[in-house]
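Quick notes on the structure that follows.
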Amino acid sequence: MSGTPWSRIGWRNLGRNRKRTVLTALGLAVGFFAVVFIVGWSQGLMVEMVESATSLVNGQIEIHDADYRPDRSIYDTIGGRNGTDVDALLRAIDADPTVTAAAPRVYTGGLISSGQATSAGMFMGIDPVREMRLSRFLDPLVEGRLPVSGRNELLVGEEMARQLSTGLGEELVVVASGADGSMANDLFTLVGVFRTGLVELDATFAVMDIGDLQTLVVLPPERIHEIAVATIDPWIADATAERLGSGLPPADRPIEVVPWTTLNPAMSRVRRPRVTRCTSSSSSSSSPSPSSASRTRW
Amino acid sequence: MVRFDTAHGHRLIALCTLGCLAVWTTASAQPDPREIVERIDRLMRGDSSRGVATMQVVTEHWERQMTMEMWSLGTDYSLVRLRAPAKDAGTATLMAEDDIWNYLPKVDRSIKIPSSMMGGAWMGSHFTNDDLVQESQLIDLYEVEVAFDGERDGESVWELRLTPKPEAAVVWGHIEFLVGQDDDLPRWARYYDEDGELARTMEYSEVSEFGGRLVPAVMNMQPADKPGERTTIRYEELEFDIDVEQSFFSLRTLQSGR
């Protein structure tokens, strides 16, 4: 501290009133710590929110027929009318080093009835083994177990089970529009109840084996609506999606590979934490939430 | 004090009579639009009816034909049962007042359509569940006015405009009906959404005699946004004022599969 006269004066001043110096230093330290802590805390929360929202049901990347969104018609299956080689597609996706899981899905809307009550539902056909590696909403279940292929078993959300006044082991009538125009209907046994915490999901979703749902609505095994993909880090989903999009096996119809940042524009304003961006990202902390994410999803 | 002389009085009476006559003639030239709708409904439905019809549904993805038998009583009760194709035979719909039940023979269960699904397609067609219920209650749900009265394409017609009553829970912004004045039969109905855009058109054609009445044998429903799609209902048999009790329109009949 032997530079200019001004810095010498300053340095001496610090020593002349030690109490003032300590108080000022302490004030600055506490202030800086508080700012760093709050920014870190809020960004950690947001990252957690993104991770929990994308891993709950949706996954971080969705692969569809290019026309599937937003109408989600039963006919817009990957690869079009003739479908696609699902196994080959899954192998190609699994081969990407950043992909941790990929799961095929079939969706259709319909009615589900317990006899006393009937509700409108969204049926989701899953491959239980692949699905468990990707999404969290079926693990743990409130009660029961996962569906076994070929036995017409299904799971419903906790709220739907309540509305239908039904319980494990009971038979439910499932009605949907078949892809051939017929009134698809069959009996399914309730084997499990799940809870996502999102009322709109817990009240409308029914999950069954993918093959059983395809049989019900007269879709052949090669016709699926979606492959959901999880990556090692949600923040690289954009890059992974781009890579997957250019590396998929050729199909009859264009396939779209969409990262969660496109599916949930509201949530995508949250970015990988960077201190220089603290103001802009903390201002967006009010918009993303698991429920708004699921609303844009369905 | 005013005093009428006789001549003056007579003239006044004549004037009154003329006036009344004028009012009366305009009234008869401008028929009550609600009465027209009621008349059409009575003609096409009768107090009760039984019929057999084929329904052809053409969509972008598939095409199928169904044969169905139907019964109705008044405006509140009807029962429709599919006879063909074999895969769906026995499937039935019961409409009782505002409720719709479907019977599914494969699982031998009846399920009530929840109100949230009343806008959904009926049996995969371009008709909705609401159509079954509301088509018979137009008078209660809509205000009717005559929008056009005169000649069109060489025929005297009324064009009726139906606008929903404020409290009515309906999906259409308004409906237009073209009705022939000679036979009281509808020619077409156009359904508009709340933005005033045409949503679908129903055409009535091939007026034929059924049970001593002349009614259109073919109804063709065409959604405006999908020009390649349609649902066509063609009556094969139709009889009116049949012997049927209200108790027939029950869940028991629905499940019996008759």
Requested in this report: Please determine, by comparing only the residues of segment A:170-192 that are within 9 Å of chain B (Cβ to nearest Cβ) and farther than 20 Å from residue A:225 by Cβ, which one is modelled with the lowest pLDDT.
Outcome: A:183
Query raised in the report: Does residue A:204 satisfy the criteria of being within 13 Å of another protein chain (Cβ to nearest Cβ) and out of contact with any Ser or Thr (no Cβ under 8 Å at 6 or more places or on another chain)?
Result: no
Query raised in the report: Among the residues of segment A:49-57, is there at least one that is surrounded by 14 or more Cβ atoms within 10 Å (Cβ to Cβ) and over 21 Å from the mean Cα position of the chain (by Cα)?
Result: no
Report summary line: Quick count over segment B:199-258, residues being β-branched (Val, Ile, Thr) and in a loop (DSSP other than H, G, I, E, B), is 2
Requested in this report: Just name the residue that is farthest from the other protein chains (Cβ to nearest Cβ) out of those in segment A:112-143 that are among the β-branched types (Val, Ile, Thr) and either crowded, with 22+ Cβ neighbours inside 10 Å or assigned to a strand (DSSP E or B) (or both).
Outcome: A:126
Query - Filter result (of a type outside the set (A, V, I, L, M) and either surrounded by 17 or more Cβ atoms within 10 Å (Cβ to Cβ) or touching a strand residue (DSSP E or B) at 6+ places or on another chain (Cβ under 6 Å) (or both)) within segment A:236-252 - result: A:238, A:240, A:245
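Determine whether residue A:219 is assigned by TED's automatic domain parsing to the domain that holds residue A:89, hydrophobic (A, V, I, L, M, F, W, C), in a loop (DSSP other than H, G, I, E, B) and surrounded by 22 or more Cβ atoms within 10 Å (Cβ to Cβ).
Yes; evaluated as a whole, the condition is true for this residue.
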Report summary line: Picked from segment B:60-93 (must be within 14 Å of chain A (Cβ to nearest Cβ) and in contact with a Phe, Trp or Tyr (Cβ under 6 Å, 6 or more places away or on another chain)), the residue nearest to residue B:243 (Cα to Cα) is B:92
Query raised in the report: Is it the case that some residue within segment B:42-59 is assigned to a strand (DSSP E or B), within 14 Å of another protein chain (Cβ to nearest Cβ), touching a Gly at 6+ places or on another chain (Cβ under 9 Å) and at pLDDT 85 or above?
Result: yes
Query raised in the report: Of (1) away from every other protein chain (no Cβ under 14 Å); (2) in a strand (DSSP E or B); (3) more than 21 Å from the chain's Cα centre (by Cα), residue A:256 satisfies all except one. Which?
Result: (3)
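Condition check ((1) assigned by TED's automatic domain parsing to the domain that holds residue B:127; (2) among the charged types (D, E, K, R)) across all residues:
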{"position": "B:192", "(1), (2)": "yes, no"}
{"position": "B:195", "(1), (2)": "yes, yes"}
{"position": "B:198", "(1), (2)": "yes, no"}
{"position": "B:201", "(1), (2)": "yes, no"}
{"position": "B:211", "(1), (2)": "yes, no"}
{"position": "B:215", "(1), (2)": "yes, no"}
{"position": "B:234", "(1), (2)": "yes, yes"}
{"position": "B:249", "(1), (2)": "no, no"}
Query raised in the report: Given (1) closer than 29 Å to residue B:55 by Cβ; (2) surrounded by fewer than 18 Cβ atoms within 10 Å (Cβ to Cβ), where does residue A:169 come up short, assuming only one miss?
Result: (1)
Query - Selected residue (criterion: nearest to the other protein chains (Cβ to nearest Cβ)) from residues of segment B:111-133 that are closer than 22 Å to residue B:252 by Cα and surrounded by 19 or more Cβ atoms within 10 Å (Cβ to Cβ) - result: B:111
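The values are calculated or read from the model by the stated rules, or taken from the named source; none is laboratory data. Everything numeric here is computed off the predicted structure, so don't read it as measured data. A quick note on method: Cβ atoms are made from the backbone with ideal geometry, for glycine too, and the neighbour counts reach across all protein chains shown.
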